[in-house]
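What follows is calculated from the coordinates using simple rules that are stated; it is not laboratory data. Model, not experiment: these values are computed from the prediction. Note: ideal-geometry Cβ built from the backbone for every residue, glycine included; neighbour counts use all protein chains shown.
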Amino acid sequence: MHSTKFLRMHAFDGLQQLGTAHDHADLATRERLAPVLRALVITARTLGVPHVELATCHRHELYWTGDLPLDTVLDDLAEGSLRHRTGESAAAHFLAVASGRASVVLGETEILGQVRRAWHAAQEAGTSTAALDGLFERVVAAARRVRRAAAFEATADSAAASGIRLALQHAAVRPRRVVLIGAGEAARTAAMAVRVQAPWAQIMVVARRPDRAMALAEDAAGEAHAWSELVELVGRADLVIAATGARSPILLASHLRARRPGLVLLDLGVPRNIEPLVRNFSGVTLLDLDDIARHEAGTPSDAHRTAACDTALPRELKRLQRAVDDPGLPVVLRVLHSRGDSVAESMAEALCERLGLADAGAREAVYEAMRQAVRQALFPASRALRGETLPNG
């Protein structure tokens, strides 16, 4: 009895989700709600409510189990700028998010890693539990299967890459001087997109931490510059990309008094890194996450990939439901299998990155080999937990 109750809570029964995203809230609304959601996270931590916070460029969500007072967000829930889901609806939404189906760019390349990092951050902070760990492990594994069914790894793009493409379309001439503000994950993705889409460009990385700026500049075949040089560099730039986690604008209108004609600015930050007033300047084009979302919404979708994803999602949700509703398998065995899948996926991902494997077929071969190796390693323990006799007696 206890194991069945645990397993049900492990997946759907106690799960709740609250958040905001690009599909129902614009950038200004998401900026306004960011401190509201952060305050709710603090409340969850204070009350000891198990939770995981997922914050990306286009969404900010909280997943939790248990009782969390929502009095402070009732008005936003009523007007629809925040969405609240429970049980199977929350699980289905989570799977759509993790697989990339709910992303601005269908099947975007960054989201699954962001989900994993959010989960691991919760584990390190002690805000996750065995129930949430089991949910995230299973959903991440299911999301990978959805992505493979829809061939996302071979064809999908990132939101940053879409933004770079949009910025290049707005440039009057080929931008030769590109200033990149930031050196985190978003900035790294943007830098690599510039290197692919504008290989002729000179990339100048500016970050508050010189060591991170130097590391990214080296990887992107660019130059690292001191934070104190920012205004001067922007004055000579053709394209400026801002991708930091700053809580307020770092590039102000006053910084752009001296600028090159036709300057294009791409703001990938939430909250915004570039003062919105800049949009009123003549000869300057400012693009932000809302512009990327509108651009992607107006781009014809890949019907084949969309259909493949929409077919795989309900199948994976049912598979997850069947797994957690089956009382015949010991809880410890479920956790063992789930952990094994997670370890195999993590090791395969790390190995692919180390080897520089970009081909989807090669990456899938590594994933499958790693899964088989882990399954073989776990086979004796699995047989023993089932009460079966091992082949060698």
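Taking the Cα centre of the chain as the origin and placing charges on Cβ (Lys, Arg +1; Asp, Glu -1), which of Val97, Ala220, Leu74 is farthest toward the positive end of the dipole?
Farthest towards the positive end: Ala220.
Quick check: residue separation of Val36 and Glu88 times 0.36 nm, minus the Cα distance between them. What number comes out in nm?
16.2 nm
What do you get when you divide the Cα radius of gyration of the stretch 1-131 by 2.2 N^0.38 Å, with N the number of residues?
It is 1.03.
Could you check which residue among Gly184, Gly283, Gly87 shows the biggest mean-square fluctuation in a GNM of the chain with a 10 Å Cα cutoff?
Largest GNM mean-square fluctuation: Gly283.
Using Cβ counts within 10 Å as a stand-in for footprinting exposure, how do Cys57, Cys309, Cys352 rank, fewest first?
If I rank by nearby Cβ atoms, fewest first, I get Cys352, Cys309, Cys57.
By DSSP, what percent of the beta bridges with both residues in the chain are antiparallel, rounded to the nearest 5?
45
Could you give the dipole magnitude of the stretch 159-297 about its Cα centre, charging the beta-carbon of Lys and Arg +1 and that of Asp and Glu -1, in debye to the nearest 20?
The calculated dipole for the stretch 159-297 is roughly 260 debye.
Report the semi-axes of the equivalent ellipsoid for the stretch 32-80 in whole Å, largest first, where each axis is √(5λ) for an eigenvalue λ of the Cα gyration tensor.
The equivalent ellipsoid of the stretch 32-80 has semi-axes of 17, 14, 9 Å.
In the chain, which helices (entire DSSP H runs) extend 24 Å or more along their own long axis, judged by Cα positions, while averaging at least -0.5 on the Kyte-Doolittle scale? Spell out each step's value before the answer.
Working: long enough: 27-47 (30 Å, 0.66); 130-149 (28 Å, 0.20); 303-325 (34 Å, -0.65); 331-355 (36 Å, 0.33); 360-385 (36 Å, -0.04).
Answer set is 27-47, 130-149, 331-355, 360-385.
If we restrict to alpha carbons, what Rg and Dmax does the chain come to, in Å?
22.7, 81
With labels modelled as points extended 7 Å from the Cα through the Cβ direction, what inter-label distance (nm, one decimal) is found for Val173 paired with Gln376?
6.0
Which whole-number percent of Cα pairs in the stretch 159-297 have a distance greater than 28 Å?
On the way: 556 of 9591 pairs.
Taking all Cα-Cα pairs of the stretch 159-297, the fraction more than 28 Å apart is 6 percent.
Taking a temperature of 20 °C and a viscosity of 1.002 mPa s, what whole-number D in µm²/s does Stokes-Einstein yield for the stretch 54-189 with Rh from Kirkwood over alpha carbon pairs?
Calculated translational D: 126 µm²/s.
Place a +1 charge on the Cβ of each Lys and Arg in the chain and a -1 charge on the Cβ of each Asp and Glu, then give the dipole magnitude about the Cα centre in debye, rounded to the nearest 20.
Here the size comes out at about 460 debye.
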